[in-house]
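Here is the structure we will look at, set down as structure tokens.
The values are calculated or read from the model by the stated rules, or taken from the named source; none is laboratory data. Every value quoted in this text rests on a predicted model; they were computed, and no experiment measured them. Positions of Cβ are generated from backbone atoms using ideal geometry, with glycine treated the same way; all protein chains shown enter the neighbour counts.
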Amino acid sequence: MLKIKYLSLVLFLLSFGSLSAQRVVIAKEPPKSHDTEYGMNRKHFSHGFLGLHFIIGPPESSGADIHYGRSRSLEYGYRYKRRFNDTFSIGSEIIARRHAFHIKQTEDKEVPDDIKRDSEKLVFLDAGLGLYKRVNFGQRGNYIGRFLDFGAYASWVFHTRHVYFLEEDGLSTRVRVSGMNYPASFAWGLNARLGFNNLVIKGSYQLSDHFNDSSALPELPKYSVGLEIGLHPF
Amino acid sequence: MHMLFLTLTLFSASFVQSNNLEDHSQGYWVFFTDKEDVHFDPHQFFDEKAIERRIRNGLCLYDTIDFPVNQKYIAAVKSIVPRADVVSRWFNAVHVYADEGELDILEALSFVKSVEPASLRLVPASLEYDANEASMLDRVDAGLLKNQLSHMKGNLFHSNEITGKGVRIAVFDAGFRGVDSHPAFRHVRKNNQIIATWDFHRDRKNVYTSSVHGTMVLSTIAGIIDGQPLGLATDAEFLLARTEIRREPLAEEKYWLAAVEWADQHGADIINSSLGYIFHRYFPEEMDGKTSLVARAANIAAGKGILVVNAAGNQGNDNHWRIIVTPADADSVLTVGALQHPEMVRAPYSSVGPTADGRMKPNVSALGTVVAASRRRLAQPMGTSFASPLVTGFAACLWQMFPGWTNMELFRNIEQSSSLYPYYDYAHGFGIPQASRFFQEHQQFTMPTFDIISENDSIHIIKRKIITGREINQNTATENEYLYYQKMNADGRILRYYVINPEEARKISMCLDVFLPGQLLRVHYRGYTAEFRIL
């Protein structure tokens, strides 16, 4: 149907056979009706988002201290929202994340080993799915408004790497190791978001461990808090 | 771990608290059942000009809609809610802030007809303005300044000493910073043309604070710089109402509503509103002229003989909105779209029609980029905000010329004077109002400028040869060579509309098979409109 519509429009424009020297300044089709199903405060809505989160909180056990501020997550995703009424919605999202933990070179350092280096970080890349429930506040027209989300996620850690720098005789060497056997293959956790239109503050807690049981490594901090931007107009 | 919980808890708590405050500060209109036991003396309540307008329009001076709201009802409501502010005679209502428990009590009162949530946020219909305001006339676009009034043939008003004298214009805006000091308003101040002012947010007379948006709007109605008028109604009288608060994210339409009643009371002949409500409260399908309270109020004002002129809105580029804002959607509001300079076709930001219920809007168009007085100097702002006051000035001049006209006669005459009339589309309405139509020596007969011919399976639009210019209609302000055409269905609904620049082409052809039998091809070119029905 849509194809026929566009075809007829193209035919209509092409029908101006002798318009070679002419310029179309305005060409408009008045809307036949307004889409009442899809939109920011309609039944269905979906949008992309970008997030930057900082790892916070103490490590789960000693020997896994990190540099706060430099240790952070980048998040990209696409979110769907199904509205039930002005207050309640549920939704799902697909997410891809990159977490970088900058390891502090403390005396009792154990992650990922007890060797002291000039600097080092552990990077986890994962992709997964999330589900959430949204509570909206206040009256509004066709925009997102203020909301509070509670959600859970699960993801597959598809890549990890250990990156560190060594300085010897004035030469700096960057070493990158991947395919380690100690990171866990899956991650899952809880999150909460507080938003006003496309500006969102997000907090997350990873319920699962970063390392598998057999590694016996002390666990890294599991909390993060940061900002997210919804990729929609306002 | 505890830190995160604490952080999240604090965030959540502050959010919930802010929403509790929001609940409490959520506005509602409480509508009453009747106006029994109230006293009303129109001669005491209304300004003399408001009485004159009612008599001129054959309206009853004792219309119950103007009666005050029963003070006992207001007192009873005030005893229940923490705050009640705006009272509307026209809607027999009071605006309150209440929580759910208080709403239940209010709804149970025998004299309360209904309680409805008030809407949010009003948006000035202007875009960010050009920061280049370093000096006065020598730094502005001279071509734009010339075109500002001449595109409506406004110089004819001024050469005939028609300057809106005796017409009272209410301007609703976000603030009039600098109107009390800017040289563009020296004559306005000197001649005491500002009759009354009111800041509806702060409940005080001083409106010369906050935003400069109203200053720019007023200057495009009445400003003069170095003897050069920026608007057409330089001698009109003014009522200035500050109805919008930029700093408050959830300002409400209650101020617009209060201002329209205030303008009526103070004898406004014309209201210029370069403001509109959009997505903060409404959905596009609600732009039907009936849903919003401000649209209904604008129609009541029109019913009382006031010409309400409103900007179409700047959502033309917004895929989530696009159509005109409210109260520009109201049937009796003269809705003004914006043209870009120097092309003189719809500016891309200008909201388009039709209304959600299919009515034609905007009604007319004017330049959306203007030279206007800013706080201290001149600026070149753009937006439908500035097209609207240009037409307001035009209307004031016309009303000075024809004081016997009712507001709706004025409305229709402005439409009929416009450059595209009787052709219209949803981007330009009837086009640009033309003063020349009202000066006999400048009136010209519309001559056919093209022919429509059907031949085999084609339709041809053939431009007539222009030799001296006498064969074409010079009574067009657009001064462009654009050809406007549209495809309409049998009942007159526009299916598609186009503006093309034919340049050197003399013949424009199209295939007949893109039309269905009964459909119409409607064409406008240089002041002449013709139709061709497909058989």
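Among the residues of the stretch A:48-63, none is identified as modelled with pLDDT of 95 or more and part of a loop (DSSP other than H, G, I, E, B).
Of everything in the stretch B:382-436, what is part of a loop (DSSP other than H, G, I, E, B), surrounded by fewer than 24 Cβ atoms within 10 Å (Cβ to Cβ), out of contact with any Asp or Glu (no Cβ under 7 Å at 6 or more places or on another chain) and away from chain A (no Cβ under 14 Å)? Give them in sequence order. Within the stretch B:382-436, B:F402, B:P403, B:G404, B:W405, B:T406, B:P422 qualify.
A quick yes/no check of all residues on (1) within 14 Å of another protein chain (Cβ to nearest Cβ); (2) surrounded by 19 or more Cβ atoms within 10 Å (Cβ to Cβ):
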{"position": "A:D118", "(1), (2)": "no, no"}
{"position": "A:F124", "(1), (2)": "no, yes"}
{"position": "A:N136", "(1), (2)": "yes, yes"}
{"position": "A:I144", "(1), (2)": "yes, yes"}
{"position": "A:R161", "(1), (2)": "no, no"}
{"position": "A:Y164", "(1), (2)": "no, yes"}
{"position": "A:T173", "(1), (2)": "no, no"}
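Applying the criterion of being among the polar types (S, T, N, Q) and in contact with a Gly (Cβ under 8 Å, 6 or more places away or on another chain) to the residues of the stretch A:38-94, the residue that is farthest from the other protein chains (Cβ to nearest Cβ) is A:S92.
Of the residues B:A236, B:A222, B:A184, which is closer than 24 Å to B:L367 by Cα and either of a type in the set (V, I, T) or in contact with a Pro (Cβ under 9 Å, 6 or more places away or on another chain) (or both)? Only one candidate qualifies: B:A222.
Applying the criterion of being more than 7 Å from every other protein chain (Cβ to nearest Cβ) and outside any strand (DSSP E or B) to the residues of the stretch B:482-511, the residue that is nearest to B:I461 (Cα to Cα) is B:R506. Taking the stretch B:279-290 as the range and being of a type outside the set (D, E) and within 7 Å of another protein chain (Cβ to nearest Cβ) as the test, the residues that pass are B:F279, B:H280, B:R281, B:Y282, B:F283, B:P284.
Answer yes if at least one residue in the stretch A:113-127 is touching an Asp or Glu at 6+ places or on another chain (Cβ under 9 Å), small (G, A, S), in a strand (DSSP E or B) and under 16 Å from A:G189 (Cβ atoms), and no otherwise. Checked the stretch A:113-127: no residue is touching an Asp or Glu at 6+ places or on another chain (Cβ under 9 Å), small (G, A, S), in a strand (DSSP E or B) and under 16 Å from A:G189 (Cβ atoms). Within the stretch A:83-103, restricting attention to residues that are over 19 Å from the mean Cα position of the chain (by Cα) and part of a strand (DSSP E or B), the residue that is surrounded by the fewest Cβ atoms within 10 Å (Cβ to Cβ) is A:F88. How do the pairs read when you match residues in the stretch A:213-234 that are within 25 Å of A:I95 (Cα to Cα) and away from chain B (no Cβ under 14 Å) with residues anywhere that are of a type in the set (V, I, T) and outside any helix (DSSP H, G or I), using Cβ under 8 Å and keeping only pairs 6 or more apart or on different chains? From residues that are within 25 Å of A:I95 (Cα to Cα) and away from chain B (no Cβ under 14 Å), the pairs are A:I229/A:V200.
Scanning the stretch B:519-528 for residues that are at pLDDT 90 or above and in a loop (DSSP other than H, G, I, E, B) yields a single hit, B:Q519.
Restricting the first member to the stretch B:262-273 and to residues that are under 14 Å from B:V294 (Cα atoms) and touching a residue at least 12 places away in the same chain (Cβ under 8 Å), and the second to residues that are buried (at least 24 other Cβ atoms within 10 Å of the Cβ) and aromatic (F, W, Y), the beta-carbon pairs closer than 7 Å and six or more apart or on different chains are B:I271/B:F172; B:S273/B:F172.
Going by the conditions given, is B:Q71 polar (S, T, N, Q), more than 28 Å from the chain's Cα centre (by Cα), surrounded by fewer than 18 Cβ atoms within 10 Å (Cβ to Cβ) and within 26 Å of B:D269 (Cα to Cα)? Considered against the rule, which asks whether it is polar (S, T, N, Q), more than 28 Å from the chain's Cα centre (by Cα), surrounded by fewer than 18 Cβ atoms within 10 Å (Cβ to Cβ) and within 26 Å of B:D269 (Cα to Cα), B:Q71 comes out as no. Kindly indicate the residue of the stretch A:178-198 that is modelled with pLDDT of 95 or more and either out of contact with any strand residue (DSSP E or B) (no Cβ under 9 Å at 6 or more places or on another chain) or among the hydrophobic types (A, V, I, L, M, F, W, C) (or both) and also surrounded by the most Cβ atoms within 10 Å (Cβ to Cβ) among those meeting that condition. Among those that are modelled with pLDDT of 95 or more and either out of contact with any strand residue (DSSP E or B) (no Cβ under 9 Å at 6 or more places or on another chain) or among the hydrophobic types (A, V, I, L, M, F, W, C) (or both), it is A:A187. Of all residues in the stretch B:333-361, none that is at the interface with chain A (Cβ under 10 Å from one of its Cβ atoms) and buried (at least 24 other Cβ atoms within 10 Å of the Cβ) has its Cβ atom under 7 Å from the Cβ atom of a residue that is in a loop (DSSP other than H, G, I, E, B) and of a type in the set (S, T, N, Q), 6 or more apart or on another chain. Within the stretch A:208-223, the only residue that satisfies the criterion of being aromatic (F, W, Y) and closer than 20 Å to A:L74 by Cβ is A:Y223. Of everything listed in (1) farther than 24 Å from B:E415 by Cα; (2) surrounded by fewer than 24 Cβ atoms within 10 Å (Cβ to Cβ), the single unmet condition for B:A259 is (2). Candidates A:D108, A:D86, A:D65: the one that is of a type in the set (D, E, K, R) and within 17 Å of A:Y164 (Cα to Cα) is A:D65. Residues in the stretch A:146-159 that are more than 14 Å from chain B (Cβ to nearest Cβ) and over 19 Å from A:A100 (Cβ atoms): A:A152, A:A154. Does A:R82 meet the test of being modelled with pLDDT of 95 or more, out of contact with any Phe, Trp or Tyr (no Cβ under 8 Å at 6 or more places or on another chain) and more than 25 Å from A:I55 (Cβ to Cβ)? Judged against the criteria, A:R82 is a match.
If the condition is being buried (at least 22 other Cβ atoms within 10 Å of the Cβ) and part of a loop (DSSP other than H, G, I, E, B), then the stretch A:204-220 contributes A:H210, A:L220.
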